[in-house]
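Working notes, structure below.
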Amino acid sequence: MTPLSKMQTMLFETQASLSPQAFVDRIIGHSQQDSSLKPAKACGFGAAPVNIALSKYWGKRETTLNLPINSSVSISLPGLGTQTELSLTEGQQDQIVLNDQLLEPHHPFAKRLSGFLDYFRLNDHTMFHVDTLNSVPTAAGLASSASGYAALVLALNDLFQWQLQPKKLSLLARLGSGSASRSLYPGFAIWHKGERDDGMDSYAEAIETSWPELCIGLLKIDIGEKSVGSTAGMQQTVNTCELYQTWPQQAEKDVLKIQQAITNKDFTLLGETAEHNALSMHATMIATWPPILYWQPESVAAMHTIWQLRQQGVTVYFTMDAGPNLKLLFLETQKPAIEQAFAELEVIQPFKQS
Ligand code: PMV
């Protein structure tokens, strides 16, 4: 099977009008004369939660600035995420410590992080020491890159004392990982896809609502590293999946529905939209070539259990990202029935925990 004609890709692609370095410089106000890349303290610190998209981001219209084809809405999970300490160090290369383990410079995680840090070096001799602790398994479809890059940007902001507003921090985090733009906020967040070629209007904002009864259940099917990363997966989808043509329009409609559901505390609308949105995204992945199927037999079995529970009057829905794990959505009143069906479930109430 040959990839789709260049036409489909052209439907979505835009041309970046800034280099990533110029984008960063514009946000932090860096120029040769100023001191925005001289540390203001010995060590910077940042902490950020993971977030789960209720209406997903899938597809980039521009890859160097990480600009999405569609907007998305998420919920952050307090207590699960990343804590990062950042300082400058002597030596020839960055030192990246992940969960108390010093990584080899060619380790994919270290390479990607150092590549991002390149935008923040005063000169070729600036090397960083990054000490990062993840309370979620890295690369398991539990959005550790989202909390990771959000925490790193907060640590940079602290180290250099830029005092950037959340919108600008979100723009910077987006450059590291798209979904990281949403991890700057607790609770609900919306990432506006933006229209501009310089990417300055593609950032996330908080949706200021509290929903104490809302529960998220994490059903870990497999926490091993995923076979296809999300960037590769979305590029392949945009390039080879005909079904993808309907995705951007559906995604924008779903964003509106999720916002409406949050405003009206309409749980059925929230759950139905989130589940349908996730399955539609997975449908586009499955319909690429070669196919991308993140599900495992246990993922499908869990879906059936959820659909059976719904038939029995238990209001529970699910969403899934680029991995086999499910995230269940339900209200507090349904918690006992759901915990009975899924003994291993980790339940989080985003607005009741801190
Ligand atoms: O931010 P990335 O590049 O890891 O992509 C995230 C993609 C999904 O998790 C599948 C969807 C989303 O909106 O978080």
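The values are calculated or read from the model by the stated rules, or taken from the named source; none is laboratory data. All figures in this text were calculated on a predicted structure; none of them were measured in a lab. A quick note on method: Cβ atoms are made from the backbone with ideal geometry, for glycine too, and the neighbour counts reach across all protein chains shown.
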Item to check | Qualifying residue in the range 314-323 (condition: surrounded by 17 or more Cβ atoms within 10 Å (Cβ to Cβ), of a type outside the set (Ser, Thr, Tyr) and in a helix (DSSP H, G or I)) | outcome: no
Checklist outcome for this item: Picking from 110, 151, the residue that is assigned by TED's automatic domain parsing to the domain that holds residue 183, over 23 Å from residue 57 (Cα atoms) and crowded, with 20+ Cβ neighbours inside 10 Å would be 110
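Output the number of residues of the range 115-140 satisfying the condition of being more than 20 Å from the chain's Cα centre (by Cα), of a type in the set (Ser, Thr, Tyr) and either at pLDDT below 95 or within 13 Å of the ligand (Cβ to nearest atom) (or both). Steps first, answer last, please.
Narrowing the range 115-140 to residues more than 20 Å from the chain's Cα centre (by Cα): 118-131.
Then keep just the ones that are of a type in the set (Ser, Thr, Tyr); that gives 119, 126.
Right, trim to either at pLDDT below 95 or within 13 Å of the ligand (Cβ to nearest atom) (or both) and you get 126.
The number of residues fulfilling the criteria is 1.
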Checklist outcome for this item: Within the range 286-313, the residues that are farther than 16 Å from residue 329 by Cα, out of contact with any Ser or Thr (no Cβ under 9 Å at 6 or more places or on another chain) and touching a residue at least 60 places away in the same chain (Cβ under 8 Å) are 296, 298
Next on the checklist: Under 9 Å between Cβ atoms, which residue pairs at least 6 apart in sequence (or on different chains) link something in the range 176-202 that is without any contact (Cβ under 8 Å) to a residue 40 or more places away in the chain and small (Gly, Ala, Ser) with a partner that is in a loop (DSSP other than H, G, I, E, B) and more than 15 Å from the ligand (Cβ to nearest atom)?
Outcome noted: none
Checklist outcome for this item: Per the filter on the range 327-338, residues loosely packed, with under 15 Cβ neighbours inside 10 Å and in contact with a strand residue (DSSP E or B) (Cβ under 7 Å, 6 or more places away or on another chain) are 332
Checklist entry - Does at least one position in the range 324-331 carry a residue that is in contact with an Asp or Glu (Cβ under 7 Å, 6 or more places away or on another chain) and away from the ligand (no atom under 16 Å from the Cβ)? => result yes
Checklist outcome for this item: Apart from one, (1) in contact with an Asp or Glu (Cβ under 9 Å, 6 or more places away or on another chain); (2) closer than 24 Å to residue 251 by Cα; (3) of a type in the set (Ser, Thr, Tyr) all hold for residue 315; the odd one out is (1)
Checklist entry - Does the range 50-91 hold any residues that are away from the ligand (no atom under 11 Å from the Cβ) and assigned to a loop (DSSP other than H, G, I, E, B), and which are they? => result 64, 65, 69, 90, 91
Next on the checklist: I'd like the full set of residues that are within 14 Å of the ligand (Cβ to nearest atom), more than 14 Å from residue 70 (Cα to Cα) and not hydroxyl-bearing (Ser, Thr, Tyr), limited to the range 183-196.
Outcome noted: 184, 188, 189
Checklist entry - Quick one: residue 143 ticks every box in (1) touching a strand residue (DSSP E or B) at 6+ places or on another chain (Cβ under 6 Å); (2) crowded, with 24+ Cβ neighbours inside 10 Å; (3) modelled with pLDDT of 95 or more bar one, so which box is it? => result (3)
Next on the checklist: Yes or no: the range 32-46 includes at least one residue that is within 16 Å of the ligand (Cβ to nearest atom), modelled with pLDDT of 95 or more and not in a loop (DSSP other than H, G, I, E, B).
Outcome noted: no
Checklist entry - What are the residues in the range 243-285 that are under 17 Å from the mean Cα position of the chain (by Cα) and without any contact (Cβ under 8 Å) to a residue 60 or more places away in the chain, if any? => result 282
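So, in the range 92-104, exactly how many residues are assigned to a strand (DSSP E or B) and surrounded by 11 or more Cβ atoms within 10 Å (Cβ to Cβ)? Before you say what the answer is, go through the steps one by one.
From the range 92-104, those assigned to a strand (DSSP E or B) are 95-98, 101-102; that's our starting set.
Of the ones still in play, those that are also surrounded by 11 or more Cβ atoms within 10 Å (Cβ to Cβ) are 95-98, 102.
Adding up the residues that qualify gives 5.
Quick check, is residue 47 aliphatic (A, V, I, L, M), in contact (Cβ under 8 Å) with a residue 60 or more places away in the chain, under 20 Å from residue 201 (Cβ atoms) and in contact with a helix residue (DSSP H, G or I) (Cβ under 9 Å, 6 or more places away or on another chain)? So that I can check it myself, show each step before the final result.
On the way: aliphatic (A, V, I, L, M): yes; in contact (Cβ under 8 Å) with a residue 60 or more places away in the chain: yes; under 20 Å from residue 201 (Cβ atoms): no; in contact with a helix residue (DSSP H, G or I) (Cβ under 9 Å, 6 or more places away or on another chain): yes.
So residue 47 fails the test.
Just need a number here: residues in the range 227-244 that are in contact with a Leu (Cβ under 7 Å, 6 or more places away or on another chain) and surrounded by fewer than 16 Cβ atoms within 10 Å (Cβ to Cβ).
Residues in the range 227-244 being in contact with a Leu (Cβ under 7 Å, 6 or more places away or on another chain) and surrounded by fewer than 16 Cβ atoms within 10 Å (Cβ to Cβ): 1 in total.
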Item to check | In the range 250-271, the residues that are surrounded by fewer than 15 Cβ atoms within 10 Å (Cβ to Cβ) and either under 17 Å from residue 318 (Cβ atoms) or basic (Lys, Arg) (or both) | outcome: 253, 265, 268
